[in-house]
Amino acid sequence: MSELLQDIENFIDYITHQRLYSPRTIDTYQKTLRKFLKNLPENPTRNDFQIASIRQFIWILKTEEKLAPSSIGLHLACLKSFGKYMVRSHIITTNPAARIPMPKKPKRLVSFLSQKDLKVEKFAEIDTLSLPLLRARLLLEFIYGSGLRISECVSLTWESIDRTAEQVRVVGKGNKERIIPITHELQIFLEQYQFLLKQEQHPISIQGPVFVNKTGAAYNVRTLRLDIEHLLRSIGWEGKASPHVLRHSFATHLLENGADLLSVKEMLGHNSLSTTQVYTHVSAERLKKSFKKTHPRA
């Protein structure tokens, strides 16, 4: 194994066991670094990790793969992170990726459903729901009602839900813990969901996953994403139907109804306030449209 390949293996081990990156991020970094290696000579050395080879890689992503600036930015962020690790480990003295600027991304407003789109009346009565449909409704309450990420829903356990205090404890990105309020609707769905799980003989344990299959294992992200997609299509939503759109809706509706930005940041589990500020732009755009539509002098 070449020295650069060994460095990459050590880096992946570092972000997995020391930095505690999410499985999805680790998988993305592994794929990116493998792709980068394909553009290097056979048995690459550390000297091949240089600004020229990184620029060539970015050029290929842009011209041959036709990737969007946001996707190119993710690839470059991985190389920057790897270079930073190499410097900190005293393997190289300077990070060549640090000298390459991140591509400019076009400003896009996030996609979300309106408060009217998510009115309770649009959904089927709880008594009529099968277990898969009830699972989807419960998911919606965790994501739209409390702002959880879909990956956080997968790893959610029964012991993390405090029904008396009406809150849920979540371990998010970077193994950071946060406590978030839960809705009254979620409490109702939890009761019915537990009842159906027992009725259909799904194993339930205090430390076990909430979204559990008949074998006792947690459902994977793909299955839960499809649950949300089918649920949103069933109420007539024609836009992007994903868990992240529901999270966007959660944040946007909180701000529209007067929540402060810092509280929304904490509930979403964002590291930076600037990440949360995109939702203020959404609300501002809607305000402008409403103003132009209704004000006599607009």
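Each reported figure results from applying straightforward, stated rules to the coordinates on display, with no laboratory input. Note that the coordinates shown come from a computational prediction; the quantities given were computed from them, not determined experimentally. Please note: Cβ atoms are built from the backbone with ideal geometry, for glycine as well, and neighbour counts cover all protein chains shown.
Overview of values
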| read-out | value |
| --- | --- |
| Over 21 Å [Cα-Cα, the stretch 120-293], rounded percent | 50 percent |
| GNM top mover of Val210, Val221, Val170 - the chain, alpha-carbon springs below 10 Å | Val221 |
| Of Ile228, Ala98, His184, farthest towards positive along the dipole that unit charges on Lys, Arg, Asp, Glu beta carbons give the chain | Ala98 |
| Rounded, prolate or oblate (a/c below 1.5 giving rounded, otherwise prolate when a/b exceeds b/c) for the chain by Cα gyration tensor | oblate |
| Relative compactness, the stretch 13-102, computed as alpha-carbon Rg over 2.2 N^0.38 Å | 1.06 |
| Angle in degrees between helix 131-146 and the longest Cα principal axis of the chain, rounded to the nearest 10 | 70 degrees |
| Exposed GluC sites (Glu not before Pro) absent: longest stretch of the chain, with sites in DSSP loops and at most 10 other Cβ within 10 Å deemed exposed | 126-199 |
| Cα-based helix-to-principal-axis angle, 243-256 vs the chain, degrees rounded to 10 | 70 degrees |
| Charged-residue dipole, Cβ positions (Lys, Arg, Asp, Glu), the chain about Cα centre, Debye nearest 20 | 1460 debye |
| Restraint check, Lys122/Lys214; Lys116/Lys173; Lys105/Lys176; Lys122/Lys173; Lys84/Lys240; Lys66/Lys105, Cα-Cα greater than 26 Å | Lys122/Lys214; Lys116/Lys173; Lys105/Lys176; Lys122/Lys173; Lys84/Lys240 |
